[in-house]
Amino acid sequence: RADDGGEGVGLTSAGRSGENGQMTVELAVALPVLLAVAAIAVNALLFFSECAAFDVASRDAVRIHAASPAYGQDLEQSRARVAAALSESFDRPYTASSVAVEGAAGHATFTSTLEFFPTLFGMGLKTSVFGVALPKIAHAISFTVDCYKPGVLL
């Protein structure tokens, strides 16, 4: 039976006809899941990057504007200067920053907070991707300084 055309050796076109389009269906099912995972991963990495930059910028702003305040400058004015410096540094559509200050016994504790709003690969602010919620995330850092005032005896 050498002339049977090789039955059983390979698949015929009739044997594959039930599988036409299977890869397309699998891609259509898997693509939204892959996009959601990619959006979450990109937002997580962007958030960690912004947190690292925010920590450095926040400490620098407190050291520059609050560690040695000008004559007559109180804690609220120092807080406003630190907040202004941070808002200039983090002027992005997906971040917001705020600064709070507490003073006790000559020390001032500045607490800076970064709020991160998720983004869909830089295309505006989104709260969900294919039904997966992307909540706002906050990161806070505190820095305590001894506000030195030259010429003032304690």
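The values are calculated or read from the model by the stated rules, or taken from the named source; none is laboratory data. Bear in mind that the values here come from a model prediction, so they are computed numbers and not experimental data. Protein only, heavy atoms only, side chains kept; ligands, DNA and RNA dropped before computing areas. Shrake-Rupley method; radii C 1.70, N 1.55, O 1.52, S 1.80 Å.
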* Structure fact -> Accessible-area order for H107, H139, largest to smallest, probe 1.4 angstrom, reads H107, H139
* Quick one: how many Å² of F117 are accessible to a 1.4 Å probe, rounded to 10? -> 60 Å²
* To do: Leaving ligands, DNA and RNA out of it, work out the accessible area of E50 with a 1.4 Å probe and give it in Å² to the nearest 10.
  => 10 Å²
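To the nearest whole percent, what portion of all C-alpha pairs in region 20-113 is separated by more than 20 angstrom?
Result for the distance tail: 53 percent.
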